[in-house]
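Report on one structure; see the data block that follows.
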Amino acid sequence: MKHNYHECLDPKRLSAIMLKTLLAVLLMCNFSEIGGKPVSEDNILRDIISLLKEIYDEDVSRKHTLRQSGDVSCDIFHNAFIYTVDKETLWHLEPAENMFVEDGIILFVGKCSDESCTHEIDTYCSQTAKFIDLKENCKCKQVGINWLLGHGHSIYDLIDHIEQGGRPPVEILSEAVNDKPVVILEETSHSVWVNNIALQKYKEKVGDNTVVGGLILDGKYEGIILENAAMEIMEMALSPDSLSSDTDRKTLSDLNYKGLLYALDTLKMNGITSICDARSFWQIDNPKTWEKAKNDGVLTVRAILDLWAYPNLEDTYQIQTLKSLYSNDPNSLLRMSQIKVYSDGIVPSTTAAVFDKYKHPLPVANLGDRGLNYFNEERLAKYIKELQFFDGDKGFDFHIHAIGDRGISESLSAIKQNPDKHSRHRLTHLEIIHPHNITLFQKLGVTADFQVAGNFTLPDHKKEIAYQVGETKADFSFPVRSVLETGAVVTLSSDWDVSPVNPFIGLLHAIDRGDQSVTIKDAIEMYTVNAAYVMRQENKVGTLKENYEADFIVIDRDVVKLGMSDTKYKELKDTKVLMTFLKAKFIDLKGKVVLPGFHDVHTHPLEAKSPLGGTCKFSSGMNPEDAKLILENCKDKQVEQGGRPPVEILSEAVYDKPVVILEETSHSVWKYKEKVGDNTVVGGLILDGKYEGIILENAAMEIMEMPCRPTVCRATQIVKH
């Protein structure tokens, strides 16, 4: 048999390895002649060697050209345990260290002969070698600023780690990231955890000056920065002044804007049309982000910015600057007419200002055992006097963070020193109020603003408060009902994102707090008409009546009746917002109205889950009332609890067109009554009697395939068409 093996030897296609393999095959075959010459082993070897040299020369030339161009690369992944899952190896015991890839194809997986992989690069790479450090590339990449930021750890966990003999926090974080400053904001926003680079930068900024209302911890606590010092280092990281180019500053500004748009979407989903941004840092341009949203026409709430009073700024300069920022146009969606002041810190880190010593104070220098002040009574009284009324007709309302009984008492006293019947100051949080001060809110005209949406405010968490301040004070914590009964104005707000922004969570917690519970009527008024009073818009919104602007929401259940029920009141937290209106204009969420369940800030709006576990899409003109009816009754237990046949419920909701609702497992369907004839459906069933309206298995699949394509529902969003 004659063969011309030269046709197979294309030096542009075959590698040296392939040619060696071919040589072995040729020597095993019976060739009669090659190119008209008798076949001999010497002839084959001579030709193979000649071709190998030609391939080598071309390969060297090609590598040189590619490497010179820099347009392509041989990617070498390293600094990781690489598990190949190759059954021919002990992959689970001997992970590889390097993986070479060109054009998406793996060329080599194993261990290089040296750290530089010189031999392997020469053997396998035809393109420029590029090392990709997998460990390094998995590190967080901060966008927009030169610092690396994080959020969400617990001060409890960090302190527990230390008390159990763990390393100082600064060591752990510095080991993880040692080439840039890192700041991680604790979940309550009252402390940060930093690495050594960030710590040294902040110490250089502060120098020998005392940080008013803040502490830099050392020793075994080094790496923890508390209260105002924490806010200052966060501001350092986020300041446009820390960036070296206009491009970087523009990137940071754009990120702030995107963050605000995300927040506005979240507020829409939760049916919120008026807010106070409780900490607007004007030194790093927070108000400018809001102003851009207003100017762009995307502001979908009535917003008051509470301008931050910086504890470390000189008083005369700060007071004059705050006056210059004042704006209070009643016809504008955006106003800057409130001042945010912190009186004290929080109980967990023993920084809330208290009268009696903490049971377990944080053992650090300069903190003491009764907490700290951002603004003491004397200084707070000075700011109130200067800012609550000025320039004839202007005046800020004060929004004062006060948690400990001493901090609350001092704040009330500062207001008492500056009586003004036109002011609408408020204290927020109010965790531990001294019994002697309960009546002062009503007497002074000060609003008591409680934030009870967080689980930590519930009665069964009192033991955590008692650990620091004792059972007597803990039993009287968050005294919502006691203050309300004095006739004071009481509001409920969220403290988002420390606590859920969802007001229906807050409603449930307000009516379910033991002897401090309030009625559902009172709780709703605290969120609406009372809140409108605090924002000086009670003659415009907060109530639905003649000549008021129509800010309202549509929800999927009667929260008033639920709140009065002894058995169903816990369903309040599952309330869904179907539609949100601002001045009677429907607030659109990227073309969709979302029906969210409870979600936190880390949940993307479009990922919120419904009780049915799917996504509900209504089309062909279906209105929210239909959606409400369907969502209320699409439950497996409905029939077994004596409910009406499913077909009646759905037919009542939609009677002019065929409707099919696909059950979440896709194995059963409710349908608007439609005959399928007398034929038996193989693998399927049409139920009747009290189950009429439910179609199972293949019958369900067949109706879904019907040419009429009836309206299909699956449970959390309404798509606008």
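With N as its number of residues, region 63-221 has a Cα radius of gyration that, divided by 2.2 N^0.38 Å, comes to 1.48. Extension gain for the segment Asp566 to Ser327, taken as residue separation times 0.36 nm less the Cα-Cα distance, is 81.4 nm to one decimal. Taking label positions 7 Å along the Cα-Cβ direction at both Ser244 and Asn209, the computed distance is 2.5 nm, reported to one decimal. Note on region 487-568: dipole from Cβ charges, positive end direction compared against Ser493, Ser517, Asn547; the farthest Cα belongs to Asn547. For the residues Tyr83, Tyr358, a 1.4 Å probe over the protein chains yields an accessible-area ranking, largest first, of Tyr83, Tyr358. Modelled label-to-label distance, Gln200 and Asp497, 7 Å Cα→beta-carbon offset: nm? My value for the distance between the label points is 3.1 nm. Neighbours of Thr84, meaning other residues whose beta-carbon lies under 14 angstrom from its beta-carbon, give a summed charge of -2 when Lys and Arg score +1 and Asp and Glu score -1.
Could you sort Thr350, Thr128 by accessible area so the largest value comes first, with the probe set to 1.4 Å? Provide the component values of the computation, followed by the final result.
On the way: Thr350 0, Thr128 40 Å².
I get Thr128, Thr350, largest accessible area first.
Look at where the Cα atoms of region 416-483 and of region 486-526 average out, and the two centres are 13 Å apart. Set the bar at 30 Å for Cα to Cα. Now go through Lys521/Lys690; Lys323/Lys576; Lys205/Lys288; Lys385/Lys443; Lys545/Lys573 and name every pair that lies beyond it. Pairs exceeding 30 Å: Lys521/Lys690; Lys323/Lys576.
The Cα center of region 255-317 and the Cα center of region 69-144 differ in position by 47 Å.
Available extension along the chain between Leu255 and Glu136 is 40.4 nm, counting 0.36 nm per residue and deducting the alpha carbon span. Here's how it looks for Val212: its modeled amide H is under 5 Å from none belonging to a residue 5 or more places away or on a different chain. Can you classify region 294-347 as rounded, prolate or oblate using the Cα gyration tensor, where a ≥ b ≥ c are the square roots of its eigenvalues, rounded means a/c under 1.5, and otherwise it's prolate if a/b beats b/c and oblate if not? Here region 294-347 falls in the oblate category. Each principal axis of the Cα cloud of region 263-363 was taken in turn, and the coordinate range along them, longest first, works out to 51, 39, 22 Å.
Per residue, the convex hull spanned by the Cα atoms of region 512-553 amounts to 77 cubic angstrom. Placing a label point 7 Å from the Cα of Asn79 along the Cα-to-Cβ direction, the residues of region 174-207 whose backbone N falls under 20 Å from that point are 174-183, 195-198.
If the segment from Thr123 to His92 were pulled out straight at 0.36 nm per residue, it would be longer than the present Cα-Cα gap by 8.5 nm. Evaluated with a Cβ-only charge set (Lys, Arg +1; Asp, Glu -1), region 451-553 carries a dipole of roughly 100 debye about its Cα centre, given to the nearest 20. Exposure check, 1.4 Å probe, all protein chains in place: Val347 carries approximately 10 Å² of accessible surface. Computed about its Cα centre, the charge dipole of region 304-460 is approximately 180 debye, with only Lys, Arg, Asp and Glu carrying charge at their Cβ.
With every protein chain in place and a 1.4 angstrom probe, the accessible-area ranking of Ser477, Ser651, largest first, reads Ser651, Ser477. Ligands, DNA and RNA excluded, the heavy atoms of Thr543 present near 50 Å² of accessible surface to a 1.4 Å solvent probe.
Under the convention that each Lys and Arg Cβ holds +1 and each Asp and Glu Cβ holds -1, the size of the dipole of region 154-279 around its Cα centre is about 340 debye. Taking Cβ atoms as reference points and 11 Å as the exclusive limit, the residues near Ser253 contribute a net charge of +1, counting Lys and Arg as +1 and Asp and Glu as -1.
Suppose we look only past 16 Å in the calculated P(r) of region 203-308. What percent of the Cα-Cα pairs does that tail hold?
67
Rg/Rh, computed from the Cα trace of region 92-136 with Rh as the Kirkwood radius, has the value 0.95. When a/c is below 1.5 the answer is rounded, else prolate if a/b is larger than b/c, else oblate, so apply that to region 398-507 with a ≥ b ≥ c taken from the square roots of the Cα gyration tensor eigenvalues. Judged from the Cα gyration tensor, region 398-507 comes out oblate (a/c at least 1.5, b/c at or above a/b).
In the calculated pair-distance distribution of region 524-575, the portion above 18 angstrom amounts to 44 percent of the Cα-Cα pairs. Would you mind classifying region 479-535 by shape? Square roots of the alpha carbon gyration tensor eigenvalues, ordered a ≥ b ≥ c; an a/c under 1.5 is rounded, otherwise it is prolate if a/b is larger than b/c and oblate if not. Oblate, since a/c reaches 1.5 and b/c is not below a/b. The heavy atoms of Asp179 offer some 90 square angstrom of accessible surface to a 1.4 angstrom probe.
The label-point distance for His436 and Asn698, in a model that sets each label 7 Å from Cα toward Cβ, rounds to 8.3 nm. Across region 437-578, Cα-Cα pairs more than 24 Å apart make up 34 percent of the total.
The values are calculated or read from the model by the stated rules, or taken from the named source; none is laboratory data. Just so it is clear, the model here is predicted, and its values are computed rather than measured. In this analysis, Cβ positions are derived from the backbone assuming ideal geometry, glycine residues included, and neighbour counts consider all displayed protein chains. SASA here: full protein model, heavy atoms, side chains in, ligands and nucleic acids out. Shrake-Rupley method; radii C 1.70, N 1.55, O 1.52, S 1.80 Å.
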